[in-house]
Every structure is written in C-alpha cells, then in structure tokens.
Amino acid sequence: MNCREFVDFLMDYLDEVLPRRQRSTFEAHIDECPSCGTYLETYEETVRLGRQICSDPEGPVPEDVPEGLVEAILAARRATN
Amino acid sequence: MSDPSIEADRDEAPLIARLRRGEDAAFEELIRAYGGRLLAVARRFLPVEEDARDAVQDAFLSAFRAIESFQGQARLSTWLHRIVVNAALMKLRSRSRKPEVLIEDLLPDFLEDGHMASPAVEWRKPADDPVERSQLRALVLDSIHRLPEAHRNVLILRDIEELDTEETAEILGTSANAVKTRLHRARQALRGLLEPQLRKGPE
C-alpha cells in the first residue's frame, strides 16, 4: 500500500468497514510510514475539532433569540395569515 | 425507570395542541424556546448574520404552516432542526455564488510513486484555556467556510450537526456514496487548511 491508497482508505478504516485483509495492510503501512501515521492522527483531530464546535460546554451557548427576530417572525406570520 | 424522551414528548404535547389551535402566544413561546438554538445552527451554514436570521424566520414560518402535519414521532427540537437546516440550504442556493476554490487544490499532493509530496507534520496540543479554545473554534469555523459549498454542507451536516449518511443524502438530494466521498474530501481539505495554524513550531 502506498500513501495515496492509505489516504483513500482512511475514512473506511476509521468507520471500521475496511475488510480484514485491507485493514492489516493499512495498519502495516502506519508502522512503516510515520508521515501517514501523523496524517491519520491529524485527520482524526480535524473531525474532533468540527464536532467540538457545538458540543463544547464553553462554546457559544444557544443564547436567547434576538428580540428583533422574534418580532419579525411574528409580524411575518400575521402578514401571511 | 421512566424513559426521559417519552417524558419530554409528553411535555411538548400541550404546546403542540395550542399551536394547532392557532394561539398567538403559543407561536411566540415556540420562537423563544427554540429560536436561539436554531439561529446557532443557521449561522454555521450562513456566516452573514442577516442571512442566518432570514433562514430562521423562513424556518419558523414553514413550521407554523406544517404544524398540522407534525405527527409527534420526532421531538419538536429534532423536527425544527431539520426544518432550519433545509431553510439555510435554500438560502445558500438563492444567494449569488461566490467564486470558489476547487476541492482538488485543497487535497494532499502525491508524487508519481504514490508517496505524499510533503510529509504530514504533527500538530501542537491546544492549550487548555477558554481564550485559546474560543480562538480555535473561530479558526475551525472560518476554515469550514473556505471549503467549496457542496463539500462544506456535507461536512457541517455529518460532522457538526451529526446527521447520518442517509439523512444527509436525503437533505442534499444526492446519493449516500456521494456524501461519503465528499465528506472524506472535505475533511482532508479542512485538515490542510488547519495545518499551517496548528502545526508544531520549532521546539
């Protein structure tokens, strides 16, 4: 397996849908290619950072809806009724 | 032990009944209860605040029209989430398109023999303080908005809104395979955009 194939198979590997034989070839490549090992780690970190955007307890908590928006929606509802 | 989701559904039933009767106060209550959350979702798709608010308004108007057909199989929050995602995507489609970077330009380069053209480098561990975490969140969101739209939408729906592949395919009107391919490419592109900022500096 070369690096290009490694990257192609990466998501299936993480989703655990890679057939067993390909899985061991994939893992053997990690052992022989430190760059791909790092690529795998930073790819996973990328996914984790995306998920954190809305799960971080200190992140932007859903604040109250702006008053102007409440009024605008109610007015639009009256206009369409 | 009682199932908390059933408990919550029971709590929602009176509000749904009042919405169906067309009570003005019930509409306002719904907006105040869910508007903030829906606005946060819309902002992830639409960085321009006015667009995000328009999408939320469109979403509530659609929800008011469809409340009769709301069967209560889903939680109100899940149902509204789906509606605001659709409204945000509609808004995106209606806007004039900006020139976009090609996804291929954001993917890693390989040499003819299949090796990476430049080896991947390790990233530093983010410091555990609120200021850095908030800067990091802003960096990630900003980088997501630099992805081409078709890839960005898949990444937001799958990795941030955490819909599954089939739901994402249905909302975007595409196949599950296309969702998987785009998600993998979007993650690689996002990784590439984050790398210059997050790579370990010289020790």
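Each value in this text was obtained by applying a stated rule to the coordinates, not by laboratory testing. Since we're looking at a predicted model, the values are computed, not measured. Please note: Cβ atoms are built from the backbone with ideal geometry, for glycine as well, and neighbour counts cover all protein chains shown.
Collect the residues in the range A:14-35 that are touching a His at 6+ places or on another chain (Cβ under 9 Å) and part of a loop (DSSP other than H, G, I, E, B), keeping them in residue-number order.
Once the filter is applied, which keeps residues that are touching a His at 6+ places or on another chain (Cβ under 9 Å) and part of a loop (DSSP other than H, G, I, E, B), the range A:14-35 yields only A:C33.
Does the range B:103-133 hold any residues that are in contact (Cβ under 8 Å) with a residue 60 or more places away in the chain and of a type in the set (K, R), and which are they?
Matches in the range B:103-133: B:R124 only.
Among B:D159, B:D142, B:D164, which is under 23 Å from B:V84 (Cα atoms) and in contact with a Gly (Cβ under 9 Å, 6 or more places away or on another chain)?
Step by step, each of B:D159, B:D142, B:D164 is checked, and only B:D159 is under 23 Å from B:V84 (Cα atoms) and in contact with a Gly (Cβ under 9 Å, 6 or more places away or on another chain).
From the list B:L111, B:L89, which one is away from every other protein chain (no Cβ under 13 Å) and of a type outside the set (V, I, T)?
Answer to the selection: B:L89.
Would you check which residues across the range A:3-29 are more than 23 Å from the chain's Cα centre (by Cα) and surrounded by fewer than 16 Cβ atoms within 10 Å (Cβ to Cβ) and list them?
A:R20, A:R21, A:Q22, A:S24, A:T25, A:A28
Please tell me if B:L183 is part of a helix (DSSP H, G or I) and in contact (Cβ under 8 Å) with a residue 24 or more places away in the chain.
yes
Please work out if B:E100 is out of contact with any Leu (no Cβ under 6 Å at 6 or more places or on another chain), in contact (Cβ under 8 Å) with a residue 24 or more places away in the chain and in a loop (DSSP other than H, G, I, E, B).
yes
Can you tell me which of (1) over 17 Å from the mean Cα position of the chain (by Cα); (2) closer than 19 Å to A:D15 by Cβ; (3) at the interface with chain A (Cβ under 8 Å from one of its Cβ atoms) is the one B:L136 doesn't meet?
(2)
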